[in-house]
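The values are calculated or read from the model by the stated rules, or taken from the named source; none is laboratory data. Every value quoted in this text rests on a predicted model; they were computed, and no experiment measured them. Because the Cβ atoms are built from the backbone with ideal geometry, glycine has one as well, and the counts that use them run over all protein chains shown.
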């Protein structure tokens, strides 16, 4: 089976996609509300870069390799969304060009990927660990790994060979990638290998096949730290854009985007407002009649 990280896929194609796009006025209204909130936190001089006007956006509908269809907007020009980089949900890292995250209940487990490049470093301070072990570890192991005092660890952002980014814990606070991987003594690696093989023989369900193969590779490499391969939690949800459909400019060329107050309300909205006003007027008439009677 071909590894998705190594596969060569055909380029996405422009075509008409099933279904219909959302109403442009609804999308415009949502963007204007979002942009107004965003601009309260940004200096006006930076608005063109981090908070563009709605007339700068072009709309698209895209189909992913999971068959899902979603809508996107691109700023500035009509470069296809498959040639752009998108971010994982929230404050996630940028994905490889042409990928989006789309979660499904049947998504597989995170695969191991090799580290391709090191990026930024940061330090995080942790309080002392509790005495009682958490549910995921037994008491004997917890006694060995528990920190009984506050400590600080260094984390590095690493780009994996699939193009996704994950956090990697450094083996020491002062460690840096130029220092290389730290290996365990050969004699100790031999002991660890024998202990691990005995455990696996006594309990075949101790590790999943994925974890078993990973442990075997790490022992053969001398138990390096940090691990040269890491779990990629993005891979199971990363989808390729396989087709796209143009949706037009969010604000058609030649039209100026109107403020929310100038957008004409629908007939249903006007009828609801009329009912509310009539009900309020009737309530006021009753109050006036009661006051006259008093």
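Against the condition surrounded by 12 or more Cβ atoms within 10 Å (Cβ to Cβ), on the phi < 0 side of the Ramachandran plot and not in a loop (DSSP other than H, G, I, E, B), how does residue 189 come out, does it pass?
yes
Yes or no, residue by residue, for (1) exposed (fewer than 11 other Cβ atoms within 10 Å of the Cβ); (2) more than 24 Å from the chain's Cα centre (by Cα):
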| position | (1), (2) |
| --- | --- |
| 123 | yes, no |
| 129 | no, yes |
| 135 | yes, yes |
| 155 | no, no |
| 176 | no, yes |
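Given the criterion without any contact (Cβ under 8 Å) to a residue 12 or more places away in the chain and over 30 Å from residue 181 (Cα atoms), identify the matching residue among 132, 71, 83.
Exactly one residue qualifies, and that residue is 132.
How many residues does region 143-153 contain that are under 33 Å from the mean Cα position of the chain (by Cα) and free of Cβ contacts under 8 Å to residues at least 12 places away in the same chain?
1
Scan region 212-226 and report the pairs whose first residue is closer than 16 Å to residue 168 by Cβ and whose second residue is assigned to a strand (DSSP E or B), with Cβ atoms within less than 6 Å and a gap of 6+ or a chain change.
Taking only residues 6 or more apart or on different chains, the pairs are 214/112; 225/182; 226/168.
Check residue 195 against each of (1) over 30 Å from residue 80 (Cβ atoms); (2) out of contact with any helix residue (DSSP H, G or I) (no Cβ under 9 Å at 6 or more places or on another chain); (3) not in a helix (DSSP H, G or I) and name the one condition it does not meet.
All conditions are met except number (3).
I'm checking my understanding of the structure. Among residues of region 105-117 that are surrounded by fewer than 16 Cβ atoms within 10 Å (Cβ to Cβ) and at pLDDT 95 or above, which one is nearest to residue 221 (Cα to Cα)?
Result: 114.
If you check 77, 53, which single one turns out to be farther than 15 Å from residue 244 by Cα, outside the structural domain of residue 215 (by TED's automatic domain parsing), loosely packed, with under 15 Cβ neighbours inside 10 Å and over 18 Å from the mean Cα position of the chain (by Cα)?
That would be 77, the only listed residue that is farther than 15 Å from residue 244 by Cα, outside the structural domain of residue 215 (by TED's automatic domain parsing), loosely packed, with under 15 Cβ neighbours inside 10 Å and over 18 Å from the mean Cα position of the chain (by Cα).
Among the residues of region 102-154, write down those that are within 19 Å of residue 211 (Cβ to Cβ) and touching a strand residue (DSSP E or B) at 6+ places or on another chain (Cβ under 8 Å).
Scanning region 102-154 gives 110, 111, 112, 113, 114, 115.
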